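As structure tokens, the structure follows; a few thoughts come after it.
Since every read-out is calculated from the coordinates, none of them should be taken as a lab result. Everything quoted here is computed from the prediction, not taken from an experiment. Positions of Cβ are generated from backbone atoms using ideal geometry, with glycine treated the same way; all protein chains shown enter the neighbour counts.
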Amino acid sequence: MRLLALSGSLRARSSNGAVLRSALDFFDGPSGTADIGSLPHFNPDLDGEDATPPAPVAALRTAVAASDALLVVSPEYAHGVPGVLKNALDWLVSSGECVHKPVAVITASPFPTGGGHANTQLREVLRMMTGEVVTAACREIPAIGPKIDPATERVTDEATLKDLHAAVTALAAAVGATT
Ligand SMILES: Cc1cc2nc3c(=O)[nH]c(=O)nc-3n(C[C@H](O)[C@H](O)[C@H](O)COP(=O)(O)O)c2cc1C
């Protein structure tokens, strides 16, 4: 099983990046993280039947196609999905790489809500794209700040680590069930 992770934060010291890395630490197989920060703004004119998609778009589509499951980890901005992440998903709507792909959505926030709005919205978008949202692998992580060690840029909170392990296990199990 090959896992591709997408982060909704471009921040160098991103707490969601730390969550992403900690989740991947629990994953046995090959994994990678997609570069979505260099994608152009989605424009259907660049994506027609006769158009050649921009190189970063082609690279993203190839990486998603080569993966057996997706792990989406994201903050919430203004009760919504970060634009950079929605932009990446928009590039994947018509091309079909997400169809029936098992996907986990994890949101982390410094606030008690755990990014619940963005989490709900991401699940809705991915379901619309006919991705296989694995509910048992989705998480909303509240009060993330003190749960991270800035030196290692990993989660150190034991309960959160246990939960991330369970989420990754659920995602891997879903891949086994759909392949
Ligand atoms: C413009 C802006 C809007 C934000 N809106 C929300 C929000 O609606 N809900 C929330 O939980 N956190 C919100 N936050 C706080 C982010 O969750 C916080 O900055 C978080 O650390 C960003 O994730 P990162 O550490 O992975 O970059 C917002 C932050 C910014 C800069």
Restricting to DSSP H runs of at least four residues, report the calculated mean residue ellipticity at 222 nm for the chain, -39500 (n - 2.57) per run over all residues, nearest 500 deg cm²/dmol.
-12000 deg cm²/dmol
Report P(r) for the chain: all Cα-Cα distances, bin width 5 Å, range 0 to the bin holding the largest distance, values in whole percent.
1, 9, 18, 22, 22, 15, 8, 3, 1, 0, 0
If each of F26 and R2 carries a label point 7 Å out from its Cα toward its Cβ, how far apart are those two points in nm?
2.4 nm
Helix 83-93 versus the longest principal axis of the chain: what angle, 0 to 90°, nearest 10, using Cα atoms?
50 degrees
With +1 on each Lys and Arg Cβ and -1 on each Asp and Glu Cβ, and nothing else charged, work out how big the dipole of the chain is about its Cα centre, in Debye to the nearest 20.
360 debye
Going Cα to Cα from K101, which lysines come in below 17 Å? Please leave out same-chain ones fewer than 8 positions away.
none
Stretchable slack from Y77 to T135, in nm (0.36 nm times residue separation minus alpha-carbon distance)
18.7 nm
Using the basic label-point model (7 angstrom from Cα toward the beta carbon), what is the D45 to T62 distance in nanometres?
2.7 nm
Longest segment of the chain with no trypsin sites (Lys or Arg not before Pro) in a DSSP loop having at most 14 other Cβ atoms within 10 Å?
14-179
Given charges at Cβ of Lys, Arg, Asp, Glu: the stretch 3-178 dipole, positive-most of S14, T52, W91
S14
Residues of the stretch 33-47 with the amide nitrogen closer than 14 Å to a label point 7 Å from the Cα of S94, along Cα-to-Cβ, please.
42-47
Where does helix 15-25 land angle-wise versus the long Cα axis of the chain, in degrees 0 to 90, nearest 10?
90 degrees
Run the numbers on the chain and let me know its relative contact order in percent, using alpha-carbon pairs under 8 Å that are six or more apart.
26 percent
Toward the positive end of the charge dipole of the chain, about the Cα centre and with charges on Cβ (Lys, Arg +1; Asp, Glu -1), which of A69, Q121, F27 goes farthest?
F27
Less than 24 Å apart at the alpha-carbon level, and either on another chain or at least 8 residues along: which lysines does that give for K162?
K147
How far apart, in nm, are two points set 7 Å out from the Cα along the Cα-to-Cβ line at E158 and at N87?
4.2 nm
Could you pull out every one of the aspartates and glutamates with an alpha carbon less than 13 Å from that of K86, ignoring same-chain neighbours closer than 8 positions?
E76, E124
